[in-house]
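Asks: Mind looking over this structure? Questions follow.
Nothing in this text is a laboratory measurement; each read-out follows from the coordinates by a stated rule. The shown structure was predicted, so the numbers you read here are calculated from the model rather than taken from an experiment. Positions of Cβ are generated from backbone atoms using ideal geometry, with glycine treated the same way; all protein chains shown enter the neighbour counts.
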Amino acid sequence: MKTIYFAGGCFWGMEKLMSLVEGVADAQSGYANGHADHPDYRQVCGGGTGHRETVKVSYDESVIGLEDLVGLYFSAIDPTVKDRQAHDVGSQYQTGIYWESEEDGAEVRRLAEREKAKHEAFYVELAPLRVFWPAEDYHQDYLDKNPQGYCHLGPENFERARALKKRAP
């Protein structure tokens with residue numbers, strides 16, 4: 001299993017999106033790359049922790065590749081805005097991709113440069129993972145527990161995730 005971390009606005013939608021991909025073993029909501037230990041949702045929303053709402057994605061690279069997941073991520077976010085996605089505003093909603101290995105970091109940077117070339121502005125953080133704290137239980141699988149819950153991602157995003165297949169090498 002490999003792991004990559006996506007901050008894409010509210011983590012409820014990003015967690016659901018990634019969980020629908022064949023080859024993703026687990027998608028877990030949490031808080032990444034801030035400076036507070038064991039933050040809770042209230043603290044992160046207060047803006048003083050530096051954490052981003054982030055989804056830890058564990059996947060089988062023989063079934064789905066990093067390039068595929070990063071492509072899906074970019075199809076679901078607006079990389080041209082800072083500290084927000086759709087109606088969600090605040091530093092906790094800053095988009096970002098975080099990695100554990102330098103090999104993954106090099107691939108993420110390469111893919112991000114390709115995406116960046118499509119836009120006049122590009123505000124996606126790209127960095128090694130420093131820290132990840134799982135979110136509270138009520139945030140995990142939130143949209144499965146609350147099917148009518150708020151989500152900035154639409155059905156077309158989820159259909160794209162269900163249909164995603166690994167690119168040929």
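Asks: Using the reciprocal of the averaged 1/r over all distinct C-alpha pairs, how large is the Kirkwood radius of the stretch 1-68 in Å?
Replies: On the way: mean 1/r = 0.0802 Å⁻¹.
Hydrodynamic radius (Kirkwood, Cα pairs) of the stretch 1-68 is 12.5 Å.
Asks: As a test of the definition: which semi-axes, in Å, follow for the stretch 115-169 when you take the square root of five times each eigenvalue of its alpha carbon gyration tensor? Largest first, please.
Replies: Numbers: eigenvalues 129, 84, 45 Å².
Result for the stretch 115-169: semi-axes of 25, 20, 15 Å.
Asks: Whole-Hz Karplus ³J(HN,Hα) for the stretch 112-128, in order, using 6.51 cos²θ - 1.76 cosθ + 1.60 and θ = phi - 60°, x for Gly and Pro?
Replies: Listing the rounded values in order: 5, 4, 5, 5, 4, 5, 8, 10, 6, 10, 8, 10, 8, 5, 10, 7, x Hz.
Asks: May I pose another question? I'd like the GluC sites (Glu not before Pro) in the stretch 25-68 restricted to DSSP loop residues with at most 16 other Cβ atoms within 10 Å, sorted by number. Provide the component values of the computation, followed by the final result.
Replies: Values: sites: Glu53, Glu61, Glu67; in loops: Glu61.
Here the sparse-neighbourhood loop sites are Glu61.
Asks: Going by amide H atoms built from the backbone, whose H comes under 5 Å of the H on Asp26, apart from near neighbours?
Replies: Ser58
Asks: Only bridges whose two residues both fall in the chain count here: according to DSSP, what percent of them are antiparallel, nearest 5?
Replies: On the way: 22 of 26 bridges.
Roughly 85 percent of the DSSP beta bridges within the chain come out antiparallel.
Asks: Could you let me know the centre-to-centre spacing of the stretch 15-74 and the stretch 130-169, using Cα atoms, in angstrom?
Replies: 9
Asks: Please go through the stretch 116-169 and write out the GluC sites (Glu not before Pro) that DSSP classes as loop and that have at most 15 other C-beta atoms within 10 Å.
Replies: Working: sites: Glu120, Glu125, Glu136, Glu156, Glu159; in loops: Glu120, Glu136.
Here the sparse-neighbourhood loop sites are Glu120, Glu136.
Asks: Please sort by residue number the chymotrypsin sites (Phe, Trp or Tyr not before Pro) in the stretch 1-81 whose DSSP state is loop and whose Cβ has at most 10 other Cβ atoms within 10 Å.
Replies: Values: sites: Tyr5, Phe6, Phe11, Trp12, Tyr31, Tyr41, Tyr59, Tyr73, Phe74; in loops: none.
Here no loop site has a sparse enough neighbourhood.
Asks: Let me ask something else. Which percent of Cα-Cα pairs in the chain sits in each 10 Å bin, short to long?
Replies: For the chain, the pair-distance distribution reads 11, 42, 38, 8, 0.
Asks: Quick one: how many lysine pairs does the chain have with C-alpha atoms less than 16 Å apart and a gap of 8 or more or different chains? Give me the count, please. Show your work: numbers first, answer last.
Replies: Working: Lys2/Lys56; Lys2/Lys166; Lys16/Lys56; Lys16/Lys145; Lys82/Lys116.
The number of close lysine pairs in the chain is 5.
Asks: Got a sec to turn the phi values of the stretch 147-153 into Karplus ³J(HN,Hα) couplings, 6.51 cos²θ - 1.76 cosθ + 1.60 with θ = phi - 60°, whole Hz, x for Gly and Pro?
Replies: With coefficients 6.51, -1.76 and 1.60, one gets x, 9, x, 4, 8, 7, 9 Hz.
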